[in-house]
Amino acid sequence: MGLRPAFIRKGNDTNAMASSSQYEVGQQARIDIPTQAWYKNPGLRKLYLMMPILFMGSTVNGYDGSLLNGLQTSDSWQTYFGSPTGSKLGLFTAIQNVGAVCALPFSSYAADIFGRRWGVAIGIFFIFIGVIVQAVPSTTEGMFIGGRFLVGFGSNISQGSAPLLIIELAHPNQRGTVTTMYNTLWYVGSIIAAWTVFGTLSYAGDASWRIPVALQVLMPAIQFCVVWLLPESPRWLCSKDRGDEALAVLVKYHANGDASDSFVRSEFIEIQETIALEKANKSNGWTVFIWSFLVAIGFSFLVDKLGRKKLFMIAAVGMLLSFSVWTGCSAVYAQSGNSSAGSAVIAMVFLFYLAAGFAWPGLTVAYVSEILPYNIRAKGLAIGFAITSSSSVVNQYVNPIGLKDITWKFYFVYIVILIIECLCIWFLFVETKGPTLEEIARLFDGDDAAVAHESMVANRLQEKDAAIDSTHVELV
């Protein structure tokens, strides 16, 4: 006989939603999160051993985003496409980010409608098409540009789902680590692209550039085949009224199959109740995203803690200081040709990226995903990727013009940007370390957050225990 636990809600239970309003909203207690090391937990070990399947999405993006830089060193590629320069080369370079921006209206819906795993797979499908168009023997300049557009489009569709699945599967104790690792692996893809092009430069004919282009499909193909080994997001499953499947995922990976584990029971109820409250409050759509963003800014002035915010601040200040020295040394070198100033510029470049590494490579995706509630998380991440891609498009066109016309003085534009960045982090960013993914909303919305509170979780647990006791009596 299959008995559904009493605390799994199926469908739109209006009575349960009505009764939820009776709970006191002012309680701020958190779920008691166990502190056992993940490597001592068989369920978490298995889960995190599968995470590289999703990390591969960032590596793919790094490979695709860096490939063209290497191809420009290939004589056969230059000959085939007529040695593109100026705006033509700029189009070759920027079109991939244009595709990434165009993915904005679709990536969040792919993740929310079809699920996180299918969102990854749909993006990979577009990457497949884009690579084929670029690599076929009959490819033309237009086809190559169109193929790069599709690769950028597909990459952002996929990236609109992969980080969400990571953050929604991870245990709260390791959520920050695994989500931060995702974006840092972009550099692995970039390194692989550089060495692949270098290794094929000596090949005769068009093979020297077609092989690196065709190899864009290798990692996506692997990811497409094995992404189904991962469980679906329990948050997404709850949003689709598939609570029993969501609970099974949490029990298997967060509690080693122990359905009576108190943390998993509370975690599941919090997820289910929070998503239900979001639906009841009609907190969805792009309009609510903008409103939530404005509200978040207002409440963030009240937060003064250390953690992710501290890392962002270290990175921003370090980047500002190193880039300021970089600018000064560039001015000295441009005006006097002083070799020491030139060497100092090189040193500042390394220091700049060292400082940036404290936060931006990893936390860019993790922080955006954490601060948004489930119903707008996919949309917000899509906007984040779109803004990043748009910035890249602008940089790739504007930077060469600025450096050509006003040389080192153009760097002052970025100094101003970095100053604004420091001020925004200091005054607007909030700390997300510690709470569960659902409880982070309280940092922004306070008592009005659509989050399942302790009394609500406790009540649902009592209902479950009562149902189990009742079933036991009946069986006896």
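The values are calculated or read from the model by the stated rules, or taken from the named source; none is laboratory data. Because the structure is predicted, anything quoted here is derived from the model rather than measured. We place every Cβ from the backbone using ideal geometry, glycine too, and count neighbours over all the protein chains shown.
Which one is nearest to Ala100 (Cα to Cα) among residues in region 131-165 that are aliphatic (A, V, I, L, M) and without any contact (Cβ under 8 Å) to a residue 12 or more places away in the chain?
By that ranking, first place goes to Met143.
Quick one: which residue in Tyr203, Tyr187, Tyr182 is in contact with a Pro (Cβ under 6 Å, 6 or more places away or on another chain) and farther than 24 Å from Val251 by Cα?
None of the other options fit; the residue is Tyr182.
Going through region 125-143 one residue at a time, which ones are more than 16 Å from Ser389 (Cβ to Cβ) and crowded, with 24+ Cβ neighbours inside 10 Å?
Val131
Residues to consider are Gly62, Gly82; find the one that is farther than 20 Å from Ala170 by Cα, of a type outside the set (A, V, I, L, M, F, W, C) and outside any helix (DSSP H, G or I).
Working: Gly62 fails: outside any helix (DSSP H, G or I).
Gly82 is the lone residue from the list that is farther than 20 Å from Ala170 by Cα, of a type outside the set (A, V, I, L, M, F, W, C) and outside any helix (DSSP H, G or I).
Please verify whether Phe358 is more than 20 Å from Tyr182 (Cβ to Cβ) and over 10 Å from the mean Cα position of the chain (by Cα), treating the condition exactly as stated.
In short, no.
Val217: in contact with a Pro (Cβ under 6 Å, 6 or more places away or on another chain), farther than 27 Å from Gln36 by Cβ and part of a helix (DSSP H, G or I), yes or no? Quick ask: steps written out before the conclusion?
On the way: in contact with a Pro (Cβ under 6 Å, 6 or more places away or on another chain): no; farther than 27 Å from Gln36 by Cβ: yes; part of a helix (DSSP H, G or I): yes.
No: the conditions fail for Val217.
Can you tell me which residue within region 231-256, out of those that are surrounded by fewer than 20 Cβ atoms within 10 Å (Cβ to Cβ) and in contact with a Lys or Arg (Cβ under 7 Å, 6 or more places away or on another chain), is farthest from Ile53 (Cα to Cα)?
Checked region 231-256; the qualifying residue farthest from Ile53 (Cα to Cα) is Asp241.
Filtering region 232-281 down to residues that are among the polar types (S, T, N, Q) and within 16 Å of Leu437 (Cβ to Cβ), which residue is farthest from the chain's Cα centre (by Cα)?
Looking at residues that are among the polar types (S, T, N, Q) and within 16 Å of Leu437 (Cβ to Cβ), I get Ser266.
Filter region 319-340 down to residues that are buried (at least 18 other Cβ atoms within 10 Å of the Cβ), over 12 Å from Lys409 (Cα atoms) and under 32 Å from the mean Cα position of the chain (by Cα), then give me how many there are.
Qualifying residue count for the region: 4.
Identify the single condition in (1) farther than 23 Å from Tyr187 by Cβ; (2) modelled with pLDDT under 85 that Val413 does not satisfy, given that it satisfies every other one.
(2)
Among the candidates Leu150, Leu169, single out the residue that is in contact with a helix residue (DSSP H, G or I) (Cβ under 6 Å, 6 or more places away or on another chain) and surrounded by 22 or more Cβ atoms within 10 Å (Cβ to Cβ).
Going through Leu150, Leu169 in turn, the sole match is Leu150.
Among Glu474, Glu421, which is the only one that is at pLDDT 75 or above and either buried (at least 19 other Cβ atoms within 10 Å of the Cβ) or out of contact with any Lys or Arg (no Cβ under 9 Å at 6 or more places or on another chain) (or both)?
Only one candidate passes the filter, namely Glu421.
Could you please find all residues in region 95-123 being of a type outside the set (D, E, K, R), crowded, with 24+ Cβ neighbours inside 10 Å and not in a loop (DSSP other than H, G, I, E, B)?
If the condition is that a residue be of a type outside the set (D, E, K, R), crowded, with 24+ Cβ neighbours inside 10 Å and not in a loop (DSSP other than H, G, I, E, B), then Gln96, Asn97, Gly99, Ala100, Ser107, Ser108, Ala111, Gly119, Val120, Gly123 are the ones that fit.
Any idea how many residues of region 157-181 are over 18 Å from Leu372 (Cα atoms) and either at pLDDT 90 or above or of a type in the set (Phe, Trp, Tyr) (or both)?
2
Across region 220-230, which residue is surrounded by the most Cβ atoms within 10 Å (Cβ to Cβ) among those that are touching a Lys or Arg at 6+ places or on another chain (Cβ under 8 Å) and in a helix (DSSP H, G or I)?
Step by step, filter region 220-230, then rank; the result is Val227.
Can you pull out the helices (runs of 4 or more DSSP H) entirely within region 292-383 that have at least 3 residues that are at pLDDT 80 or above and farther than 30 Å from Thr59 by Cα?
Helices (runs of 4 or more DSSP H) meeting the threshold: 308-336, 339-356.
Go through (1) modelled with pLDDT of 90 or more; (2) among the β-branched types (Val, Ile, Thr); (3) more than 30 Å from Ser158 (Cα to Cα); (4) surrounded by 19 or more Cβ atoms within 10 Å (Cβ to Cβ) for Ile53 and report which single condition fails.
Against the list (1) modelled with pLDDT of 90 or more; (2) among the β-branched types (Val, Ile, Thr); (3) more than 30 Å from Ser158 (Cα to Cα); (4) surrounded by 19 or more Cβ atoms within 10 Å (Cβ to Cβ), Ile53 comes up short only on (3).
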